[in-house]
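Report on the following structure.
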Amino acid sequence: MFTWDKQWEVVIGLEVHTQLKTQSKIFSGSSIAYGAEPNTQASAVDIALPGVLPVMNLEAARLAVKFGLAIGANINKRNVFARKNYFYPDLPKGYQISQMELPIVGFGELEIDTENGVKTIGITRAHLEEDAGKSLHEDFQGQTGIDLNRAGTPLLEIVSEPDMRSPTEAVAYLRKLHSLVRYIEICDGNMQEGSFRCDANVSIRPRGQAEYGTRTELKNINSFRFVERAIEYEIERQIDILEDGGEIVQETRLYDADKHETRSMRSKEEAHDYRYFPDPDLPPMVLEDSFISEIKATLPELPSEKRARFEQKLGLSPADATVLTADRAVAEFFENTANTTKAENKVVANWMTGELFANLNKSELDITESPISSAQLATLLDRVCDKTLSGNTAKKVFSALWEQEGDVDDIIAAKGLKQITDTGEIESIVDEVISNCPDQVAQFKEGNEKVIGFLVGQVMQRSKGKANPQMANQMLQEKLK
Amino acid sequence: MTITTLAELSANLRNGKVSSVELTKEYLDRIESSEHNAFISVTSDQALKSALAADKQRSSEDNSSALLGVPIAQKDIFCIEGTRTTCGSKILENFVAPYTATVVQNMHNSGIVTLGKTNMDEFAMGSSNETSYFGDVKNPWSSRQAGGSKGNLVPGGSSGGSAAAVSAGLTPAATGTDTGGSIRQPAAFCNLTGVKPSYGRCSRYGMIAFASSLDQAGPMTHTAEDAALLLNTMAGFDIKDSTSLDVPSEDFTRDLGASINDLTIGLPSEFFGDGLDNDVAVLIENAIKEYEKLGAKIKEISLPNSHLALPSYYVIAPAEASSNLSRFDGVRYGLRAEQYTDLVDMYTQTRTQGFGDEVKRRIMIGAYALSSGYYDAYYAQAQKLRRLISNDFTNAFKECDVIMGPTTPSPAFASGSRSDDPVSMYLNDIYTIPVNLAGLPAASIPAGFTQNGLPAGLHLITPYLSESKLLNIAHQYQLVTDWHRQSPLTTRGNA
């Protein structure tokens with residue numbers, strides 16, 4: 001697919017900023033709810049008035065520990081916050097409180113699925129820090145407005161090892177991480193609102209070379225698609241330079257989705273000297289063993305554990321298990337349905353990945369917004385099991401459920417979709433068909449068994465689809481023997 | 001006129017001899033007619049309103065707090081809601097704080113009346129009050145120099161306005177802050193009792209930060225008893241300051257009156273070496289003799305790493321300051337340069353115009369010490385020295401209860417005499433700085449007058465969180481001496 005595959009090896013590491021789902025900011029009591037009027041959620045601490053001081057919000061630490069436990073990482077009990085110093089209008093203090101040495105989460109791992117099977121991606125570290133505010137350029141002619149509502153929102157910056165070898169792997173890792181943070185409910189994962197943001201470090205090297213090439217850092221790639229496209233573009237750019245005998249400059253590059261290109265933001269020489277030092281306003285945060293074990297106890301079943309269970313215990317195919325565990329709400333919907341209905345797990349999986357997902361996608365709805373509840377789907381599948389509905393009529397009921405026309409049994413009654421299983425009733429229709437289709441009957445008797453399909457079809461048509469097709473088939477076979 | 005103590009005013013208010021409003025008016029009048037430039041802002045209206053409220057409260061309550069209705073002055077480093085808070089800087093010349101510092105709030109909750117905001121070195125960086133954007137402060141003792149006035153003396157710094165105001169009788173007491181000696185050195189220069197509490201005793205919330213790991217607020221008063229009374233209203237755990245100590249509140253007057261006849265005083269040889277003015281040395285020796293008369297024993301001790309305190313401090317304090325002062329960027333409040341070409345130029349112009357030389361010097365020193373490639377050699381190294389210095393005190397206190405010495409190497413010096421020589425200025429704090437690095441409580445108390453007629457301070461240092469003991473040791477001396485009762489406004493000897 002891409003020319004780089006043969007000669008060049010691609011090396012990618014991702015830095016992901018996840019906004020933690022706390023009630024208030026990491027160092028102040030202000031709300032972090034998205035979308036409020038500018039500067040209405042900016043307290044004295046957030047706007048860095050003279051004399052104010054930060055106070056650690058332990059809930060942010062709790063969510064960070066939760067993540068660390070979910071990736072099997074070492075949790076650093078002694079946490080030191082450091083100041084990262086630089087001037088920018090949306091950074092009120094002139095420094096960001098972050099962690100440098102001793103991040104809260106140490107080395108951990110995440111497994112991703114690739115074409116060549118499962119691959120383990122290392123996570124170097126994850127550290128707590130505060131988000132900056134936002135610069136608003138649009139509404140102010142020739143000037144910049146500053147909205148400090150976001151300033152101080154807790155972030156967990158998750159830094160991967162340079163373990164990914166293609167844009168596809170990078171996206172697979174990102175999706176996996178995205179799924180995980182929502183699973184363990186530490187981040188809402190909303191990429192449009194900036195709750196889950198990604199920077200990519202990209203380099204290439206000739207295949208077989210041990211040392212890494214010079215890397216560039218890509219910023220502003222805040223959708224899965226952009227991540228893939230930006231990295232693809234960057235790889236091509238780097239190959240062009242190297243193949244023309246040039247050198248890659250270590251720099252930060254900004255991705256422009258409209259133009260589909262990356263452009264230089266600042267070079268290594270222009271890079272800030274952040275003058276990190278331990279923040280004297282915050283004593284080291286020491287986490288007790290009990291604090292960590294309490295979090296461990298609240299940890300939900302993780303996606304990888306759930307997927308294994310869906311395959312091994314519930315008998316789903318690897319593909320279904322993957323799709324149904326990618327999102328916690330989807331998995332819950334599946335389990336709620338499967339636990340309620342008499343239908344087999346595979347049947348439930350088929351209906352969800354087929355009918356339900358198709359409709360959700362078409363309407364651009366999330367599973368939590370589905371007009372059909374898991375209870376309704378369970379009842380629907382029960383009606384197929386007890387032969388009240390055929391596959392076809394079940395789909396009709398599904399459509400009616402989607403339009404919220406009522407509950408399963410009401411819809412069946414209202415639409416008269418109850419399958420005819422009464423032998424006498426079917427027999428009279430079968431007799432009608434036999435007398436109305438003498439040609440086909442003759443063909444069948446001459447040994448053309450395929451024609452039975454036509455005859456069953458006639459029965460279904462006359463019964464308006466309500467006859468049980470198996471019964472009709474059996475009865476025709478017997479009468480024409 | 002002689003000195004008036006908080007204890008006396010408290011009694012007078014309680015006995016109905018004077019009302020808070022009368023008292024407040026009296027002090028406001030004195031401030032009005034003074035020529036010391038001790039105040040940056042006088043908050044008369046608010047003061048009279050508070051005084052009125054205090055008088056009302058007294059008439060309706062039996063158990064009012066000791067300092068209800070007593071007026072004092074606040075160093076202009078503390079934010080007070082609705083009040084201009086400048087920190088002695090042009091960059092905050094017109095900054096009106098929208099909230100009140102915890103320490104000030106605590107005092108107001110005790111019914112203390114704030115008269116105004118006192119002058120100070122810009123962002124508390126200085127030892128002479130000469131770095132203030134709002135002009136020099138005159139040491140009230142200038143006129144008491146032997147052989148008549150020889151020009152103005154500095155009041156010390158950075159809490160120079162507070163010291164001058166108390167000394168000149170413009171307020172019975174004031175708050176100060178002490179990062180490397182900024183309460184104790186001006187107290188010594190102005191014949192006052194100045195106390196730097198243990199780090200964490202007083203909340204730093206709302207106190208504009210100079211060096212966060214060293215800054216501590218404290219009282220500047222005439223007597224140790226007054227210092228204890230005022231500290232009672234200032235101190236306490238504050239959830240808004242993560243470095244404030246979550247310890248039960250205590251009554252710092254509780255040990256006043258306890259005998260000190262089993263006291264062991266440690267005298268570090270390092271505090272009596274080269275650079276100490278002979279006159280001052282004699283006064284300190286005399287003070288120690290007074291303590292011996294009270295039954296105290298003397299022990300020679302050593303603080304072997306003291307000589308590392310100044311270099312360590314002049315890395316750590318500027319490093320923290322360089323970061324703390326980044327928020328003064330012209331974006332959200334304070335000065336913004338009127339003309340600039342772009343964002344970086346706006347920062348540059350604003351900070352160039354808004355900060356004075358000493359502040360710029362320390363920002364540059366600090367940024368350098370923290371910069372990539374120099375961090376280990378400067379900041380990290382300074383932190384190691386800080387631990388050594390702290391350990392010196394821990395070891396010393398195994399042998400003694402209190403460490404004594406001079407507060408400063410020399411008495412108040414003439415205005416302008418050192419302002420061009422930062423190092424000689426920094427040497428003022430050579431005895432006080434180790435205490436901040438170790439986070440210990442310490443006080444400076446009046447110890448007599450040099451042959452030139454200038455006050456000298458006795459420096460007392462005690463173990464962490466032992467303020468009550470410290471204040472009693474100071475109090476016992478003040479019971480048998482009257483140096484602290486000398487005022488520049490009286491003829492000496494008539495007090």
Kindly indicate whether B:Thr408 is touching a residue at least 24 places away in the same chain (Cβ under 8 Å), crowded, with 17+ Cβ neighbours inside 10 Å and either within 14 Å of chain A (Cβ to nearest Cβ) or not β-branched (Val, Ile, Thr) (or both). no
Exactly one of B:Met364, B:Met346 is part of a helix (DSSP H, G or I), touching a Lys or Arg at 6+ places or on another chain (Cβ under 9 Å) and within 14 Å of chain A (Cβ to nearest Cβ), and that one is B:Met346
When the residues of the range B:337-390 are filtered to those that are free of Cβ contacts under 8 Å to residues at least 24 places away in the same chain and among the polar types (S, T, N, Q), which remaining residue is surrounded by the fewest Cβ atoms within 10 Å (Cβ to Cβ)? B:Gln339
Just need a number here: residues in the range A:16-48 that are buried (at least 22 other Cβ atoms within 10 Å of the Cβ), of a type in the set (A, V, I, L, M, F, W, C) and at the interface with chain B (Cβ under 10 Å from one of its Cβ atoms). 5
Checking B:Asn324 against (1) touching a residue at least 40 places away in the same chain (Cβ under 8 Å); (2) touching a helix residue (DSSP H, G or I) at 6+ places or on another chain (Cβ under 8 Å); (3) buried (at least 22 other Cβ atoms within 10 Å of the Cβ): exactly one of these is not met. Which one? (2)
Give the residue that is nearest to the other protein chains (Cβ to nearest Cβ), with candidates limited to residues of the range B:90-106 that are more than 19 Å from the chain's Cα centre (by Cα) and in a helix (DSSP H, G or I). B:Leu92
So, of the residues in the range B:283-327 that are part of a helix (DSSP H, G or I) and among the acidic types (Asp, Glu), which turns out to be nearest to B:Leu370 (Cα to Cα)? B:Glu320
Restricted to the range B:193-215 and to residues being farther than 20 Å from B:Ile112 by Cα and of a type in the set (A, V, I, L, M, F, W, C), the residue nearest to the other protein chains (Cβ to nearest Cβ) is B:Ile208
Is it the case that some residue within the range B:259-274 is in contact with a helix residue (DSSP H, G or I) (Cβ under 8 Å, 6 or more places away or on another chain), away from every other protein chain (no Cβ under 14 Å), within 23 Å of B:Tyr374 (Cα to Cα) and assigned to a helix (DSSP H, G or I)? no
Sole miss for A:Val105 among (1) of a type in the set (A, V, I, L, M, F, W, C); (2) touching a strand residue (DSSP E or B) at 6+ places or on another chain (Cβ under 7 Å); (3) modelled with pLDDT under 95 is condition (3)
Which residue is surrounded by the fewest Cβ atoms within 10 Å (Cβ to Cβ), if the candidates are limited to the range B:34-82 and must be within 14 Å of chain A (Cβ to nearest Cβ) and in contact with a strand residue (DSSP E or B) (Cβ under 7 Å, 6 or more places away or on another chain)? B:Gly82
Taking the conditions exactly as written (touching a strand residue (DSSP E or B) at 6+ places or on another chain (Cβ under 8 Å) and either within 14 Å of chain B (Cβ to nearest Cβ) or among the small types (Gly, Ala, Ser) (or both)), does A:Arg253 satisfy them or not? no
Please name all residue pairs, on different chains or six or more residues apart, with Cβ atoms under 8 Å, provided the first residue is in the range A:78-100 and is more than 7 Å from every other protein chain (Cβ to nearest Cβ) and surrounded by 17 or more Cβ atoms within 10 Å (Cβ to Cβ) and the second residue is of a type in the set (Phe, Trp, Tyr) and part of a strand (DSSP E or B). A:Ala82/A:Phe277; A:Lys84/A:Tyr95
Selection count, the range B:391-405, where residues are among the charged types (D, E, K, R) and either part of a helix (DSSP H, G or I) or surrounded by 14 or more Cβ atoms within 10 Å (Cβ to Cβ) (or both): 2
Collect the residues in the range B:423-454 that are surrounded by fewer than 19 Cβ atoms within 10 Å (Cβ to Cβ) and either farther than 18 Å from B:Tyr313 by Cβ or touching a helix residue (DSSP H, G or I) at 6+ places or on another chain (Cβ under 7 Å) (or both), keeping them in residue-number order. B:Tyr426, B:Gln451, B:Asn452, B:Gly453
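The values are calculated or read from the model by the stated rules, or taken from the named source; none is laboratory data. Keep in mind that what you see is a predicted model, and the values were worked out from it rather than measured. Every residue, glycine among them, receives a Cβ derived from its backbone with ideal geometry; neighbour counts consider all protein chains shown.
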